[in-house]
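The values are calculated or read from the model by the stated rules, or taken from the named source; none is laboratory data. Quick caveat, the model's predicted, so the values are computed rather than measured. All Cβ positions, even for glycine, are placed from backbone atoms using ideal geometry, and neighbour counts span all protein chains on display. Just so you know, the surface numbers come from the protein's heavy atoms only, side chains and all, with ligands and any DNA or RNA stripped out. Shrake-Rupley method; radii C 1.70, N 1.55, O 1.52, S 1.80 Å.
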2 protein chains.
Amino acid sequence: MLAAPALDDRRFGLNRRVTLPGPLTLDGGASLSQIEIAYETYGTLDADGANAVLICHALTGDQHVASAHPRTGKPGWWTRMVGEGKPIDPARHFIVCANVLGSCMGTSGPASIDPATGVPFAMRFPVITLRDMVRAQALLLDHLGIWNLAAVVGGSMGGMQVLEWAATYPARVRSAVVIASAARHSAQNIAFHEVGRQAVMADPNWRGGQYYESKEGPSAGLAVARMAAHITYLSEAGLTDKFGRRLQARESKTFGFDADFQVESYLRHQGLSFVDRFDANSYLYITRAMDYFDLAEEHGGRLADAFRGSKTRFCLVSFDSDWLYPTAESRAIVHALNASGAAASFVELSAPFGHDSFLLDVPELFRVVDGFLRAAA
Amino acid sequence: MLAAPALDDRRFGLNRRVTLPGPLTLDGGASLSQIEIAYETYGTLDADGANAVLICHALTGDQHVASAHPRTGKPGWWTRMVGEGKPIDPARHFIVCANVLGSCMGTSGPASIDPATGVPFAMRFPVITLRDMVRAQALLLDHLGIWNLAAVVGGSMGGMQVLEWAATYPARVRSAVVIASAARHSAQNIAFHEVGRQAVMADPNWRGGQYYESKEGPSAGLAVARMAAHITYLSEAGLTDKFGRRLQARESKTFGFDADFQVESYLRHQGLSFVDRFDANSYLYITRAMDYFDLAEEHGGRLADAFRGSKTRFCLVSFDSDWLYPTAESRAIVHALNASGAAASFVELSAPFGHDSFLLDVPELFRVVDGFLRAAA
């Protein structure tokens, strides 16, 4: 197998970034002459390279799965899943998480400098797909000397990448964990994303995407986009439990347009804090990639054909309160896996948090993933 | 009882408008010195005045319930319910529908001229409640010489007004038909409305509401608000049936940001056509009134107390695919009516169209309302 990497291998660790030679040909027909990828690794790669786990992040996620976010200072976004004593444990696993293509945390995206012009791509960045994201990750793994993955794991858009990994590189993926996800974007999913894109593009500060040299970006539009999306990440019951119709500190309604209800100020905060950490054009590109995602369509219209002959073991998890990617979407994937003869386990968990359950305190999720990964190992 | 009005009573007919003397004291403490109300009537008031039916419209509705909209030329918004041979029939009923307070189709609202200043109120218009809307309608009915209503009927925000009518003027309402509605706005309802308001107010052309003298109003923001709201009016299954992931006339994805999917161009069209017919500030005021709506809170926290001793007969209808005001909201109203001893019938209808089912071709709805109104007569 592979030679064990030196312990001081400078490719490994936190806050890594690499420029990989291209060209990377994209599903849309364009190609990138080179690809920068920002990533992190945790733990040590086994001598036989068999303990590598790739984690795929969601729409607005990043590579800081278990380390502090450099801009917000907040802990990693999946410290419940990744860390000492957790289902994905650097004491046992060699963990890789890379910022996806099109994003804004160091990997090539619309805010990157176009080598051909010396200025940011902006909307000249090619439209990408989830498969393009996965191809870029595969190039990174080649660079890291990792051929085979013990597991690819992700929730939401991360789960879509896991499916693409299993479909595109079946020989490289021993097990696949797909949480709160879907094999294609529904009309309602597309509709919500389109609202967000229109909110960004309606902001005069968006300037056709050419705002990188301006004092002001399309913050107001991006905040509105985030607010709309955020509602879809939560359940109606969860919002009611958390906020109900409770007013802000004030004792009664103001009969004005300030945030009277706690849920209003919560949403406004979600919108405003998002624009500090995310690039509006990246939001356009990644939502577009998600809307284009339809794994069955990529395989002649039959989802089972995406997994035909696959030796990968699959674990699917959905949440009963998730109305963005409801259980029926996971079930459709399981049916396709069964039809293709692939090994699949599936559980719908009860959790009150809606789609965001995969990020939150749902102990059963971590037990399920831990059990699956140990059994698969 | 009342004297029968002359057949050529100029108060009655299409496209009526009246200025009623105030002051009308509002729930927020402010008062309006006079109130303009735009309304329509259909049919003839019986000699004993017993056949009057008031129809209450929804958020972006208007008084043109069964006549062509003056700006769009489209037929009235509820010609399935109101018309010859329909459940509410001008051959039998004297039908009144008024544009709600705060709206923009002729009734006093933020676009109206403030008599104190001679310029449009804009955001100096007082924040109103659903009860204020109903109080203004009561003034109109006084003006029309209608004391007693055979029925008050409405869907969505119209249904909320029906509930307010029954709670505020129980002696005037013989029967009440509440369709696809709720007795309060949930946290999720408020959240979606807040996204819409922020979209409007983020548009630089909104100018703090002072756009009436400008060439451009906040069209882009209002269109985004409408797009987000429109998704909540439809069901996921309905969107999938209607659009699925079908592309526009083009044969394949464009790998760009034009509307590739039919659902995208449909939503864009919904947003754009809305701004031609609706005032952005009215959208702010009416959504605010809906978010403030909590009938239990107005009655000491107990919804049943809103109907205590009521002689009104209630008919409630919900739709199984309505996730904006789901069946549970109607059921909570029915429980309160039962607890208060009021007569209530309730049915959940199966229809694929989501919240908008009350406006669409659901024959069972019209049978239910027809049967109820005939039994109540």
From the options B:Gly341, B:Gly354, B:Gly371, residue that is open to solvent by 20 Å² or more (accessible area, probe 1.4 Å) and on the phi > 0 side of the Ramachandran plot
B:Gly341
Which members of the range B:261-287 meet the condition of being farther than 23 Å from B:Ser112 by Cα and facing chain A (nearest Cβ under 8 Å)?
B:Phe261, B:Val263, B:Glu264, B:Leu267, B:Arg268, B:Gly271
Specify the residue that is nearest to the other protein chains (Cβ to nearest Cβ); the eligible residues are those in the range B:27-53 that are under 13 Å from B:Leu101 (Cα atoms) and buried (at least 20 other Cβ atoms within 10 Å of the Cβ).
B:Leu32
Restricting to the range B:107-130, and then to whatever is aliphatic (A, V, I, L, M) and not in a helix (DSSP H, G or I), can you tell me which residue is surrounded by the most Cβ atoms within 10 Å (Cβ to Cβ)?
B:Ile128
Within the range B:64-106, take every residue that is among the β-branched types (Val, Ile, Thr) and in a loop (DSSP other than H, G, I, E, B) and give me the one that is nearest to B:Leu144 (Cα to Cα).
B:Val100
With respect to A:Ala191, determine if the residue is at the interface with chain B (Cβ under 10 Å from one of its Cβ atoms), without any contact (Cβ under 8 Å) to a residue 24 or more places away in the chain and open to solvent by less than 10 Å² (accessible area, probe 1.4 Å).
yes
With the condition kept exactly as written, say whether any residue in the range B:20-33 is within 26 Å of B:Arg226 (Cα to Cα) and assigned to a loop (DSSP other than H, G, I, E, B).
no
Considering only residues that are open to solvent by less than 20 Å² (accessible area, probe 1.4 Å) and not hydrophobic (A, V, I, L, M, F, W, C), which ones fall in the range A:163-182?
A:Glu164, A:Arg172, A:Ser175, A:Ser181
Taking the range A:288-309 and keeping only residues that are away from chain B (no Cβ under 12 Å), buried (at least 21 other Cβ atoms within 10 Å of the Cβ) and either charged (D, E, K, R) or in contact with a Ser or Thr (Cβ under 8 Å, 6 or more places away or on another chain) (or both), one is left with A:Ala306, A:Phe307
Out of curiosity, is B:Asp356 touching a helix residue (DSSP H, G or I) at 6+ places or on another chain (Cβ under 9 Å) and either assigned by TED's automatic domain parsing to the domain that holds B:Arg174 or without any contact (Cβ under 8 Å) to a residue 12 or more places away in the chain (or both)?
yes
Return the only residue of A:Ala151, A:Ala138 being away from every other protein chain (no Cβ under 14 Å), crowded, with 24+ Cβ neighbours inside 10 Å and in contact (Cβ under 8 Å) with a residue 24 or more places away in the chain.
A:Ala151
Only one of (1) open to solvent by 30 Å² or more (accessible area, probe 1.4 Å); (2) modelled with pLDDT of 95 or more; (3) of a type in the set (A, V, I, L, M, F, W, C); (4) closer than 28 Å to B:His93 by Cβ does not apply to B:Ala332, and that is (4)
Members of the range A:237-249 that are under 17 Å from B:Ala187 (Cβ atoms) and either open to solvent by 50 Å² or more (accessible area, probe 1.4 Å) or within 10 Å of another protein chain (Cβ to nearest Cβ) (or both):
A:Ala237, A:Gly238, A:Leu239, A:Thr240, A:Asp241, A:Lys242, A:Phe243, A:Gly244, A:Arg245, A:Arg246, A:Gln248
Hits in the range B:286-303 - residues which are in contact with a helix residue (DSSP H, G or I) (Cβ under 8 Å, 6 or more places away or on another chain), not polar (S, T, N, Q) and not in a loop (DSSP other than H, G, I, E, B)
B:Ile286, B:Arg288, B:Ala289, B:Met290, B:Asp291, B:Tyr292, B:Glu298, B:His299, B:Leu303
Which of (1) in a loop (DSSP other than H, G, I, E, B); (2) among the hydrophobic types (A, V, I, L, M, F, W, C); (3) in contact (Cβ under 8 Å) with a residue 60 or more places away in the chain is the odd one out, the single condition A:Met133 does not satisfy?
(1)
Within the range A:29-36, is even one residue under 30 Å from B:Lys253 (Cβ atoms) and in contact with a helix residue (DSSP H, G or I) (Cβ under 9 Å, 6 or more places away or on another chain)?
yes
Looking at (1) assigned by TED's automatic domain parsing to the domain that holds B:Ala225; (2) surrounded by fewer than 21 Cβ atoms within 10 Å (Cβ to Cβ); (3) in contact with a Phe, Trp or Tyr (Cβ under 8 Å, 6 or more places away or on another chain); (4) touching a residue at least 24 places away in the same chain (Cβ under 8 Å), can you tell me which one B:Asn205 breaks?
(4)
Count of residues meeting criterion [in contact (Cβ under 8 Å) with a residue 24 or more places away in the chain and over 17 Å from A:Val362 (Cβ atoms)] in the range A:66-80
6
Across (1) under 25 Å from A:Ala237 (Cα atoms); (2) under 18 Å from the mean Cα position of the chain (by Cα), B:Ala187 clears everything bar (2)
Go over the candidates B:Glu36, B:Glu84 one by one and state the one that is of a type in the set (Asp, Glu) and within 23 Å of B:Phe358 (Cα to Cα).
B:Glu84
With (1) touching a helix residue (DSSP H, G or I) at 6+ places or on another chain (Cβ under 7 Å); (2) outside the structural domain of A:Ala328 (by TED's automatic domain parsing) as the list, and A:Val173 as the residue in question, which single condition is left unmet?
(2)
